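Below: one structure, written as structure tokens.
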């Protein structure tokens with residue numbers, strides 16, 4: 001089984017990666033990464049232009065475009081979504097943190113699908129969104145149990161004349 005490297009590249013001042021070698025080859029073939037764009041993978045001490053590391057690809061590379069056309073994405077908010085989702089799970093305070101993570105996760109996935117946010121954070125956003133959904137449901141369930149508990153306590157207190 002051939003070792004599949006994880007590549008990083010720097011295009012127009014924006015860093016991308018890690019990305020698997022198969023997808024990285026597709027980026028090169030489509031002109032998203034050019035010969036002068038800086039790349040790095042495990043085993044390299046420094047970032048180097050793609051044209052200088054072609055020997056590291058088994059079987060060679062497709063023709064490399066001189067420039068690059070990789071889109072410049074805005075930053076993703078995956079960390080914020082994930083943190084809110086985890087807080088929603090740990091402290092489902094009436095489902096509020098979970099609801100915020102759920103909403104932010106949906107919006108961030110829409111931004112990624114529209115090409116406005118870096119898709120490298122998709123797994124983090126998805127995990128935070130799922131945690132948010134679960135946290136929201138736990139918060140609502142907790143509110144229902146609290147309401148039931150108060151009803152029982154005050155019902156018993158009223159029945160006993162307190």
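Summary table
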item: Among (1) outside any loop (DSSP other than H, G, I, E, B); (2) surrounded by fewer than 17 Cβ atoms within 10 Å (Cβ to Cβ); (3) modelled with pLDDT of 90 or more - the single one residue 39 does not satisfy; result: (2)
item: Pair list, Cβ < 9 Å and 6+ apart or interchain, from the range 93-121 residues that are at positive phi to residues that are surrounded by 18 or more Cβ atoms within 10 Å (Cβ to Cβ) and modelled with pLDDT of 85 or more; result: 94/139; 95/88; 95/135; 95/136; 95/139
item: Criterion (in contact with a helix residue (DSSP H, G or I) (Cβ under 7 Å, 6 or more places away or on another chain), outside the structural domain of residue 20 (by TED's automatic domain parsing) and under 28 Å from residue 6 (Cα atoms)) met by exactly one of 97, 119, 92; result: 119
item: Residue satisfying all of: in the range 104-125; part of a loop (DSSP other than H, G, I, E, B) and over 14 Å from residue 79 (Cα atoms); modelled with the lowest pLDDT among these; result: 115
item: Subset of the range 85-94 [at pLDDT 85 or above and more than 13 Å from residue 106 (Cα to Cα)]; result: 86, 87, 88, 89, 90, 91
item: Residue in the range 63-79 that is assigned to a helix (DSSP H, G or I) and either within 30 Å of residue 39 (Cα to Cα) or modelled with pLDDT of 90 or more (or both) present; result: yes
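The values are calculated or read from the model by the stated rules, or taken from the named source; none is laboratory data. Remember, predicted model here, so these are calculated numbers, not experimental data. With ideal geometry, Cβ positions are generated from the backbone for all residues, glycine too; neighbour counts draw on all protein chains shown.
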